[in-house]
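Following: one structure in structure tokens, then a few remarks.
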Amino acid sequence: MIETRTSDVIEANGVLVDQRVRYPSYKSMDEFIDVGRLRSLDNYIRNKIKRRILETNDPKFYTGPYTLREDKAGRPGSRMIYLAESKEPDSYFDLDRTELWQRSNAANDFTLLMDFIETLPFKATGRMLIMYDDVPRAVPAHRDHTETEVLHDFIWFRTNRNKPFYMLNPQTGEKKLVEGYSAWFDTVNQFHGSDEIDKLAFSVRVDGIFTDEFKARIPIPATNRASTPSYWASFDE
Ligand SMILES: [Fe+2]
């Protein structure tokens, strides 16, 4: 039997990560979700968003302070639709405090999407968010926070592959575009963002707590819990 040592750690970007981990990287969730059903929602969600653009003033996405270029931090212009709302003021570290979150009025506008979300491997959901932009505009490369031992269970997904959504290694500048319809990714040790396209761009992110059955599939690195999606992805290569 060949024993593999997976607990060795190396320093990447000034923090310790398992030696298997490479950036940029992400774990595709396509094999765990119903991609056909997801794709079938494309026109449905697009039309709902188009109506909201005319009728609603959805809040603008905030990159947070951890952008690759300091001058790019802020609200680049893309909009958010909260499908769930927290009882407390917005805090990134509440994303998976599922008891705080309840379905919003906007969720009633997206019932087929909500039905799809029910099929995802979560035992409870927290923040649920559609991000969209109807003008050609990039989302600057950013990290969501800097806590390397904080891991959020979430699935990012989309009904079409139009939006050039990427992971980026800040040391090398290497970008990796998400190829499929879904991803779970390290939001801390690498950057992510999207390039502009000249049509309506949208994607959905659902945070929560994965089911025990799903969690049992996930290899956990000995250090840097935030790197778990990239650690898991390393087993696919
Ligand atoms: Fe982000």
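The values are calculated or read from the model by the stated rules, or taken from the named source; none is laboratory data. Nothing here was measured: the structure is a model prediction, and the numbers come from that model. A quick note on method: Cβ atoms are made from the backbone with ideal geometry, for glycine too, and the neighbour counts reach across all protein chains shown.
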Exercise. Among (1) under 16 Å from the mean Cα position of the chain (by Cα); (2) modelled with pLDDT of 95 or more, where does Val139 come up short?
Worked result: (2)
Seminar exercise, completed: With criteria (1) without any contact (Cβ under 8 Å) to a residue 24 or more places away in the chain; (2) of a type in the set (A, V, I, L, M); (3) farther than 30 Å from Pro221 by Cβ, Ile81 comes up short on (1)
Exercise. Do we have any residue at all in region 209-223 that's within 15 Å of the ligand (Cβ to nearest atom), on the phi < 0 side of the Ramachandran plot and not acidic (Asp, Glu)?
Worked result: no
For this session: Taking Leu120 as meeting all but one of (1) in a loop (DSSP other than H, G, I, E, B); (2) within 14 Å of the ligand (Cβ to nearest atom), write down the number of the exception.
Result: (2)
For this session: Report yes if some residue within region 172-194 is in contact with a strand residue (DSSP E or B) (Cβ under 8 Å, 6 or more places away or on another chain) and surrounded by fewer than 16 Cβ atoms within 10 Å (Cβ to Cβ); otherwise report no.
Result: yes
For this session: Kindly provide the set of residues from region 170-195 that are in a loop (DSSP other than H, G, I, E, B) and either within 16 Å of the ligand (Cβ to nearest atom) or at pLDDT below 95 (or both), ordered by number.
Result: Pro170, Gln171, Thr172, Gly173, Val178, Phe185, Asp186, Thr187, Val188, Asn189, Gln190, Asp195
For this session: Would you mention how many residues in region 134-161 are assigned to a strand (DSSP E or B), within 14 Å of the ligand (Cβ to nearest atom) and of a type in the set (Asp, Glu)?
Result: 0
For this session: Could you please find all residues in region 196-221 being part of a loop (DSSP other than H, G, I, E, B) and in contact with a strand residue (DSSP E or B) (Cβ under 6 Å, 6 or more places away or on another chain)?
Result: Thr211, Pro221
Exercise. Somewhere in region 96-111, is a residue crowded, with 16+ Cβ neighbours inside 10 Å and within 15 Å of the chain's Cα centre (by Cα)?
Worked result: yes
For this session: Could you run through region 161-197 and say how many residues are of a type in the set (Gly, Ala, Ser) and under 22 Å from Phe32 (Cα atoms)?
Result: 3
Exercise. Which one of these is under 15 Å from Asp109 (Cβ atoms) and among the charged types (D, E, K, R): Arg52, Arg37?
Worked result: Arg52
